[in-house]
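A.B. asks: Structure provided below as structure tokens; questions to follow.
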Amino acid sequence: MSNELIQIETPFQFSDENQQEFDRLIQWYPVKEAAMLPTLHLAQKQVGYISPAVMEHVAALLEVSVMKVKDVVTFYPMFFEEPVGKYVIRVCYTLPCALRDCKLVLEHIKQKFEIDVASETDLAKGTTSDGKFTLLKSECLASCDVAPVVMINDDLYKNLTPQKMDEILDSLE
Amino acid sequence: MAFIKLNDLEVEVEDGTNIIEAARQNGIEVPHYCYHPGLTRPANCRMCLVEPHVFFPPAGQVVPDRQLATGCTTTVRTAPPDRKLDGKYDFIVRTDSPRVKQAREDILEFLLVHHPLDCPVCDQAGECDLQDFSFNHGSGKSRYIEVKNVPPKKDLGPDVLLYSTRCIVCTRCIRFCDEVSGTGELGLIHRGSHDEIDIPRDHNGSPLRLLDNKLAGNVVDICPVGALTSKDFLFKSRPWFMKQVNSVCPGCSVGCNITVDYKEDGLYRIQPRFHEDINQHWMCDDGRLGYHYVNSEDRLKIPMKQVDGELVPTSWADALNIITEKFSEADPGSIAVIGSAQGTNEENYLLGKLAREVLKTESIGLFGREPGEEHKFPQFTIDADKNPNTRGARDMLRLDDETALAGDALWGGIANAKVVYLVSGAPERSLDDTAKKALESTDFLVVQDIFESDVAQLADVVLPGVTFAEKDGSFTNAKGWVQRIHHAVDPPGEARTDWEIIQQLAKRLGGEMDYHFAGEIAMEIAENVPDYQDATHQKIGDGGVKLAGGDG
Amino acid sequence: MVQERRILYEHLDVPDINTFDVFRQYDGYKHFEKTIQEYQPEEICDMVMKSGLKGRGGAGFSTGLKWSFVPRDIEPRYLCCNADESEPGTFSNRYVLERNPHLLIEGILICCYAMGISTAYVYIRGEFTLGKRMLDAAIEEAYQHGYLGKNILGSGFDLDIYTHPGAGAYICGEETGLIESLEGKRGQPRVKPPFPAVEGLFHKPTVVQNVETLCNLPFLMGNGVEWYTDIGRTYADTRANPPTPDPNTGTKLYCISGDVNKPGVYELDLGLSAEELIEVAGGVKGERVKAVIPGGSSAPILTHYELECRLDFTSLTLWKSMLGSGGIIVMNETRNIVDCLLNIMKFYAHESCGQCTPCRWGTPWVRDIVQRIADGEGRQTTIQRPKFGVAEGGRWGDTGEMEEVYEDLDLLESVANNIANVDTMTWNTICVFGIAVSWPAVSYLRKFRPEFEAAIREGKLVTLSVEEATVPPEENYAYQQRIVPQLFEA
């Protein structure tokens, strides 16, 4: 690995709307650093992932070192460090879903898009070449009564079968 | 003071002491990795588990607590009279029970599951806590047959390399950068068994920051294993082939306590040594990496004299003869003697004696390195005065602010003098026009130095002195601590210890000096110099003595 | 058949109950109004203590006792509502957040009024996007109607509630991990003591309570201690085997999933048996029950011999298991226990925060051993070791005989026990995640040992019949060690 520092060419800025949201939530905490997770969520909503420019900006906003931001980003699986598909598919793979054949759903998606399951350090292998979908395994989504479940972006889909999954995926623009 | 039962010992320790320190004070080792007395205590390595005892009402007696506790976070305090254990103890703890021993074995097994067996080529081998504690407390076998994690080797900054495979994630280095230097370059990436120490990087591994603060080298010292290594020392020597002396860093007037690792061919490494009131556990990289000049091939090895505008080698006898002749001829009023803020108290004391008692001059001054910048960190300060002994030299030469040839007055004083004896010893010192003109205007200039420096080049006679690593003596830091430096390596070529040169000159000029070692001079200093009554080498020892005058 | 007693969930299915107006129509905020008018904060704490309410998050610690540890002379104090529901098999909080968020706000109001707290954070797991939206909207409405903000209902009591999203880390459900995460750091649990009640969020006294616990408060305050403790008596003196030694008061939102015909959340009095609960959930799907996880995936497993065990905080402890978060997962005769354990161990290996040594490197090691066994590559070498069982005097221990054991099964148990020892209930880790790993590992192995041995012997996963797979009661460590207490005297 080289010791050449990255030069950030385009600094990150919040959109006006997100800046307002940030200005609102930063007041909730006696310590700025505490706004880390909501701020990162907000930034990821805007750019799709946590780029170095985002990390620099968030570090400056929250008055922490940029490493503290990186540290947090890598700890929490919901933050991505590289671009992901327009739709992030999280297939719950924990025991109650496993007892309800989540494996069939997962395998079906893999075959349908000819992709692998993405890992936290390699999102590309689980992303379709058109950049539309990223497939992730997820830990328990707390919907075990309607297993198997899949989360696509912010929406939860319940009682899935490969066929139902197909219909849902095909309906996504 | 708390009265505690530690294994089978009954001992007293200060309130608030943790079990690791209480044990250490009583000669008992409690193995630990993440705990460092200079940092906060995350209790994450779990190596220091000990067995506290508690009163168990149903049994009506004191029994081992159900859970083992970490020795780093368990502190002892004086208990109220009705809460004493067994009627008299404030705390009862065992560090040697079967449960504790078993826990240590278990933790060590976990620590070693991903650790490579590259001890033969590891820099830390021989001074590795993982080796030592495995030897003392481990089971000697591993049941781990799965694939080991192999995280990459990483370049963290100008002097620090990380062999991630060896890392046990104790986070001492992260806490150092958060708490002591306050620079926060280090952190963890990923989670669980994939945890790695790193600097911030983008997704492709290119850094956003480097570990380049001026205290960065300390993370290598506090790394309990061979994960963080210094590029400066990497693969240079096995620790057991080096010898070590205690000394004081000559880099600035803080006077960090250090150890000097050396072999016959020179210095290999400088590391900080604990001093509660001066540097705690730390030192800066300027001091740590600043020793290379000692080993330099360019060191002055023999006396030189000016012949037809060029410095040519000569013998000690010749050089001293020339100087004696010139000084004897000179009017005392035209002689200036300039001591060195790089020199020891002993040298400067003799120099002052030479000036006043033998040469009969009061034109006495002080020379040293140019001031640098002050650097303040949350728990450490690097002084702007880049000399180790400005305060001591002033005390020894008895300089007062009005008449001393020091600071701005130095060059004017030299310009007014005809015959000048200047002791330098600074690793580097560039001269501006004023300084050059002043030195050039002298009739006869003797420079005692360690390099053919800018100053030396203007001299009529150059005498090869030695560095801090080649002599004994004492420095007085800015806060008034008098501390010892020790001879580690021999002077190069024919270079001589500075106080011996001064003594020889004094003798030739008719003075009465007959010292045999630096400590003898220190004893005289203790008798003659105000506030230095305790500054004999014996009393200074490894911890130093604070001047009677206190801060100032 | 056991009947549901819907208290927390009574209005869950009412359309638009998530809106302030509908919530009010169903007596919403009435309990809070009564509380703030009739009771002083100390009285509330006293009532909570007397009610026997136990934290519903997992540890089952007395809520009143926890509150009593909070120093009243340090300001500010905080409430953290734990809505990081991520224990596999648990999903009751989600419904509260998504459908009846005002109930949670009412619970938070009562808690904060009692504890003199003016700032509450609700830590919602990042995946609960809908739940967070609904709660945010409800909080907004509560502000508009004067139930949040300054001088609530003219009482002089101030409260702000903020929702804080998590980002997919299970360990943030541990109360100090949650606090660290709320402070903007990685969710690594803290060393205790100090406990959060004394030094928690931003180093101030902090009460951390689960959503369900807080939702109990309005009903407890509205109906009184006697009404509440009566619910706990349902099973206390009517059932003999084994009776609970102290009352487990109130209802519990039992989440049941896996091989049952009607999975879902059932609100029932604490203390019914596993058998009864399965019946409530429409019976087992398939032929018969092979195993039941009684309290989320970290709880030790129960065999079909142990289904009489009562699902409350104390009974399960006596059976060497726990009610935990109340997530019951049922497995039928077609399930392979090794495969189930592998799934759970993958979960824990992924979710270990990595802070302390035994968990960071022990958990993936346990997973790897189970993986190897499931792959049919478990080591067949057998070694001799002292056989444990019912020893002289009826105590569990060394029988004095020798037995042959499979090396990898021994290793699995030993490594798991080195993270946290399930027999002595001691852990070498910073937090209880360690025991959440070793408990399933050791209990699955000890109770379904034949299936593990078969996998090693046959070189592949072999699903045995329920009888063959299960260690009989006389060799079942937990069954043998379970404590059968004296009859509860009401």
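Read-outs throughout are calculated quantities, based only on the coordinates presented, and are distinct from any laboratory measurement. What you are looking at is a predicted structure, and each value in this text was computed from that prediction instead of being measured. Virtual Cβ from ideal backbone geometry, glycine too; neighbours counted across all protein chains shown.
A.B. asks: Here's a check for you: in region A:65-80, which residue that is facing another protein chain (nearest Cβ under 7 Å) and within 9 Å of the chain's Cα centre (by Cα) is nearest to residue B:193 (Cα to Cα)? Show your work before the answer.
C.D. replies: Within region A:65-80, the first condition is being facing another protein chain (nearest Cβ under 7 Å), and the residues that meet it are A:65-68, A:70-72, A:74-79.
Checking the rest, the ones that are also within 9 Å of the chain's Cα centre (by Cα) come to A:77-79.
On the way: A:77: 15, A:78: 18, A:79: 19 Å.
In this case the residue turns out to be A:77.
A.B. asks: State whether the residues of region B:96-110 include one that is assigned to a helix (DSSP H, G or I) and more than 23 Å from residue C:357 (Cα to Cα). Before the answer, list the steps.
C.D. replies: First, pick out the residues of region B:96-110 that are assigned to a helix (DSSP H, G or I): B:98-110.
This time we only want the ones that are more than 23 Å from residue C:357 (Cα to Cα), so: none.
No, region B:96-110 contains no residue that is assigned to a helix (DSSP H, G or I) and more than 23 Å from residue C:357 (Cα to Cα).
A.B. asks: Then there's this: From C:463, C:424, grab the single residue that is under 24 Å from residue C:335 (Cβ atoms) and surrounded by fewer than 20 Cβ atoms within 10 Å (Cβ to Cβ).
C.D. replies: Values: C:424 fails: under 24 Å from residue C:335 (Cβ atoms).
Going through C:463, C:424 in turn, the sole match is C:463.
A.B. asks: Have a look at B:34, B:45 and point out the one that is in a loop (DSSP other than H, G, I, E, B), surrounded by 14 or more Cβ atoms within 10 Å (Cβ to Cβ) and over 26 Å from the mean Cα position of the chain (by Cα). Give the steps one after another, and end with the answer.
C.D. replies: Numbers: B:34 fails: over 26 Å from the mean Cα position of the chain (by Cα).
It is B:45.
A.B. asks: Within region A:93-120, can you find the residues that are away from chain C (no Cβ under 13 Å) and part of a loop (DSSP other than H, G, I, E, B)?
C.D. replies: Scanning region A:93-120 gives A:114, A:115, A:116.
A.B. asks: Looking for something assigned to a loop (DSSP other than H, G, I, E, B), more than 22 Å from residue B:422 (Cα to Cα), among the hydrophobic types (A, V, I, L, M, F, W, C) and in contact with a Phe, Trp or Tyr (Cβ under 8 Å, 6 or more places away or on another chain) - is there at least one such residue anywhere in region B:527-535?
C.D. replies: If we filter region B:527-535 for residues that are assigned to a loop (DSSP other than H, G, I, E, B), which is where we start, we get B:529-535.
Subset that is more than 22 Å from residue B:422 (Cα to Cα): B:529-535.
Now narrow it down to the ones that are among the hydrophobic types (A, V, I, L, M, F, W, C): B:529, B:535.
If we keep only those that are in contact with a Phe, Trp or Tyr (Cβ under 8 Å, 6 or more places away or on another chain) as well, we get B:529.
Yes, region B:527-535 has at least one match.
A.B. asks: Any idea which residue in region A:42-57 is nearest to the other protein chains (Cβ to nearest Cβ), counting only those that are out of contact with any Phe, Trp or Tyr (no Cβ under 8 Å at 6 or more places or on another chain) and without any contact (Cβ under 8 Å) to a residue 40 or more places away in the chain? First the steps, then the outcome.
C.D. replies: Step one: filter region A:42-57 for residues out of contact with any Phe, Trp or Tyr (no Cβ under 8 Å at 6 or more places or on another chain), giving A:45, A:52, A:55.
Narrowing the set further to residues that are without any contact (Cβ under 8 Å) to a residue 40 or more places away in the chain leaves A:45, A:55.
Details: A:45: 11, A:55: 7 Å.
Looking at the filtered set, the residue picked out is A:55.
A.B. asks: Also, quick follow-up: For region C:173-193, name all the residues that are in contact (Cβ under 8 Å) with a residue 24 or more places away in the chain and in a helix (DSSP H, G or I).
C.D. replies: Those that are in contact (Cβ under 8 Å) with a residue 24 or more places away in the chain and in a helix (DSSP H, G or I): C:173, C:175, C:176, C:177, C:178, C:179, C:181, C:182.
A.B. asks: Only one of (1) part of a loop (DSSP other than H, G, I, E, B); (2) closer than 30 Å to residue C:419 by Cβ is not met by residue B:51, so which one is it?
C.D. replies: The one condition residue B:51 does not meet is (1).
A.B. asks: Mind counting the residues in region A:134-149 that are of a type outside the set (D, E, K, R), within 20 Å of residue A:124 (Cα to Cα) and more than 8 Å from chain C (Cβ to nearest Cβ)? Talk me through it step by step, then tell me what you get.
C.D. replies: Of all residues in region A:134-149, those of a type outside the set (D, E, K, R) come to A:134-136, A:138, A:140-144, A:146-149.
Checking the rest, the ones that are also within 20 Å of residue A:124 (Cα to Cα) come to A:134-136, A:138.
Add one more test, that the residue is more than 8 Å from chain C (Cβ to nearest Cβ), and what stays is A:134-136.
Adding up the residues that qualify gives 3.
A.B. asks: While we're looking at this one, here's another question. Pairs only if they're at least six apart or on different chains, beta carbon under 8 angstrom, first in region B:59-82 and in contact (Cβ under 8 Å) with a residue 24 or more places away in the chain, second assigned to a loop (DSSP other than H, G, I, E, B) and of a type in the set (Val, Ile, Thr); list them, first residue then second.
C.D. replies: Between residues of region B:59-82 that are in contact (Cβ under 8 Å) with a residue 24 or more places away in the chain and residues that are assigned to a loop (DSSP other than H, G, I, E, B) and of a type in the set (Val, Ile, Thr), the close pairs are B:70/C:191; B:71/B:30; B:71/B:95; B:73/C:191; B:75/B:17; B:76/B:17.
A.B. asks: Out of region B:452-498, which residues are of a type in the set (S, T, N, Q) and free of Cβ contacts under 8 Å to residues at least 60 places away in the same chain? Break it down into steps so the answer makes sense when it comes.
C.D. replies: Kept after step one, since they are of a type in the set (S, T, N, Q), are these residues of region B:452-498: B:453, B:457, B:467, B:474, B:476-477, B:483, B:497.
Selection gives B:453, B:497.
A.B. asks: Can you spot a residue in region C:442-453 that is within 9 Å of another protein chain (Cβ to nearest Cβ) and in a loop (DSSP other than H, G, I, E, B)? Please lay out each step first, then the result.
C.D. replies: Within region C:442-453, the first condition is being within 9 Å of another protein chain (Cβ to nearest Cβ), and the residues that meet it are none.
The answer is no, given that none of the residues of region C:442-453 is within 9 Å of another protein chain (Cβ to nearest Cβ) and in a loop (DSSP other than H, G, I, E, B).
A.B. asks: Here is a follow-up. Please name all residue pairs, on different chains or six or more residues apart, with Cβ atoms under 7 Å, provided the first residue is in region B:127-144 and is closer than 21 Å to residue C:407 by Cβ and the second residue is aromatic (Phe, Trp, Tyr).
C.D. replies: Close Cβ pairs (under 7 Å, with a partner that is aromatic (Phe, Trp, Tyr)) amount to B:144/C:365.
Yes/no matrix, rows are residues, columns are (1) closer than 26 Å to residue C:229 by Cβ; (2) surrounded by fewer than 24 Cβ atoms within 10 Å (Cβ to Cβ):
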{"residue": "C:10", "(1), (2)": "yes, yes"}
{"residue": "C:39", "(1), (2)": "yes, yes"}
{"residue": "C:43", "(1), (2)": "yes, yes"}
{"residue": "C:51", "(1), (2)": "yes, no"}
{"residue": "C:71", "(1), (2)": "no, yes"}
{"residue": "C:77", "(1), (2)": "no, yes"}
{"residue": "C:103", "(1), (2)": "yes, no"}
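A.B. asks: Which of the residues that make up region C:87-97 are surrounded by fewer than 24 Cβ atoms within 10 Å (Cβ to Cβ) and free of Cβ contacts under 8 Å to residues at least 60 places away in the same chain? Steps first, please.
C.D. replies: Looking only at region C:87-97, we keep the residues that are surrounded by fewer than 24 Cβ atoms within 10 Å (Cβ to Cβ), and these are C:95.
If the condition is that a residue be surrounded by fewer than 24 Cβ atoms within 10 Å (Cβ to Cβ) and free of Cβ contacts under 8 Å to residues at least 60 places away in the same chain, then no residue fits.
A.B. asks: Follow-up question, since we're still on this one. Show me the helices (runs of 4 or more DSSP H) entirely contained within region C:254-367 in which 2 or more residues are within 13 Å of chain A (Cβ to nearest Cβ) and free of Cβ contacts under 8 Å to residues at least 40 places away in the same chain.
C.D. replies: On the way: elements: C:274-280, C:313-318, C:337-351.
By residue number, C:337-351.
A.B. asks: To continue, here is another question. May I ask you to verify whether residue B:27 is without any contact (Cβ under 8 Å) to a residue 12 or more places away in the chain, within 26 Å of residue B:221 (Cβ to Cβ), not basic (Lys, Arg) and not in a helix (DSSP H, G or I)? Quick ask: steps written out before the conclusion?
C.D. replies: On the way: without any contact (Cβ under 8 Å) to a residue 12 or more places away in the chain: yes; within 26 Å of residue B:221 (Cβ to Cβ): yes; not basic (Lys, Arg): yes; not in a helix (DSSP H, G or I): yes.
The answer is yes for residue B:27.
A.B. asks: I need a count of the residues in region B:157-216 that are small (Gly, Ala, Ser), under 29 Å from the mean Cα position of the chain (by Cα), closer than 20 Å to residue B:229 by Cβ and part of a loop (DSSP other than H, G, I, E, B).
C.D. replies: Narrowing region B:157-216 to residues small (Gly, Ala, Ser): B:157, B:164, B:181-182, B:184, B:187, B:192-193, B:205-206, B:216.
Checking the rest, the ones that are also under 29 Å from the mean Cα position of the chain (by Cα) come to B:157, B:164, B:181-182, B:184, B:187, B:216.
Then drop every residue that is not closer than 20 Å to residue B:229 by Cβ, which leaves B:157, B:164, B:181, B:187, B:216.
Right, trim to part of a loop (DSSP other than H, G, I, E, B) and you get B:157, B:181, B:216.
So the answer is 3.
A.B. asks: Now for a different question. Taking the residues in region C:165-183 that are surrounded by fewer than 24 Cβ atoms within 10 Å (Cβ to Cβ) and within 8 Å of chain A (Cβ to nearest Cβ) as candidates, determine which candidate is farthest from residue C:133 (Cα to Cα). Steps first, please.
C.D. replies: The first filter runs over region C:165-183 and keeps only residues surrounded by fewer than 24 Cβ atoms within 10 Å (Cβ to Cβ), leaving C:165, C:167-168, C:180, C:183.
With within 8 Å of chain A (Cβ to nearest Cβ) added as a condition, the list becomes C:165, C:167-168, C:183.
On the way: C:165: 11, C:167: 15, C:168: 17, C:183: 22 Å.
Per the criteria, the residue is C:183.
A.B. asks: I've got another one for you. Conditions first: (1) within 12 Å of chain B (Cβ to nearest Cβ); (2) touching a strand residue (DSSP E or B) at 6+ places or on another chain (Cβ under 8 Å). Residue A:90 passes all but one, so which condition is the exception?
C.D. replies: Failing condition for residue A:90: (1).
A.B. asks: Can I ask one more? With respect to residue C:373, determine if the residue is under 20 Å from residue C:447 (Cβ atoms), within 14 Å of chain B (Cβ to nearest Cβ) and touching a residue at least 24 places away in the same chain (Cβ under 8 Å). Talk me through it step by step, then tell me what you get.
C.D. replies: Numbers: under 20 Å from residue C:447 (Cβ atoms): yes; within 14 Å of chain B (Cβ to nearest Cβ): yes; touching a residue at least 24 places away in the same chain (Cβ under 8 Å): yes.
Yes; evaluated as a whole, the condition is true for this residue.
A.B. asks: Tell me the residue from B:283, B:304 that is crowded, with 18+ Cβ neighbours inside 10 Å, among the hydrophobic types (A, V, I, L, M, F, W, C) and within 25 Å of residue B:510 (Cα to Cα), please. Full working, then the answer.
C.D. replies: Working: B:283 fails: within 25 Å of residue B:510 (Cα to Cα).
Every option except B:304 fails the conditions.
A.B. asks: Checking the conditions here, which among A:102, A:144 is touching a residue at least 40 places away in the same chain (Cβ under 8 Å), touching a Ser or Thr at 6+ places or on another chain (Cβ under 6 Å) and hydrophobic (A, V, I, L, M, F, W, C)?
C.D. replies: Answer to the selection: A:144.
A.B. asks: Show the residue pairs meeting these rules: Cβ distance below 6 Å; 6+ apart or different chains; first residue within region B:525-540 and in contact (Cβ under 8 Å) with a residue 40 or more places away in the chain; second residue among the aromatic types (Phe, Trp, Tyr).
C.D. replies: Cβ pairs passing all conditions: B:525/B:349; B:525/B:532.
A.B. asks: Could you say which residue among C:326, C:376 is of a type in the set (Gly, Ala, Ser), surrounded by fewer than 24 Cβ atoms within 10 Å (Cβ to Cβ) and on the phi > 0 side of the Ramachandran plot?
C.D. replies: Working: C:326 fails: surrounded by fewer than 24 Cβ atoms within 10 Å (Cβ to Cβ).
None of the other options fit; the residue is C:376.
A.B. asks: Among the numbered conditions (1) under 21 Å from residue C:353 (Cα atoms); (2) more than 8 Å from every other protein chain (Cβ to nearest Cβ); (3) of a type in the set (Asp, Glu), tell me where residue B:195 comes up short.
C.D. replies: Failing condition for residue B:195: (2).
A.B. asks: Now for a different question. Return the residues of region C:21-37 that are in a helix (DSSP H, G or I) and out of contact with any His (no Cβ under 6 Å at 6 or more places or on another chain); say none if nothing qualifies.
C.D. replies: Going residue by residue through region C:21-37, those that are in a helix (DSSP H, G or I) are C:21-25, C:30-37.
Once the filter is applied, which keeps residues that are in a helix (DSSP H, G or I) and out of contact with any His (no Cβ under 6 Å at 6 or more places or on another chain), region C:21-37 yields C:21, C:22, C:24, C:25, C:30, C:31, C:32, C:33, C:34, C:35, C:36, C:37.
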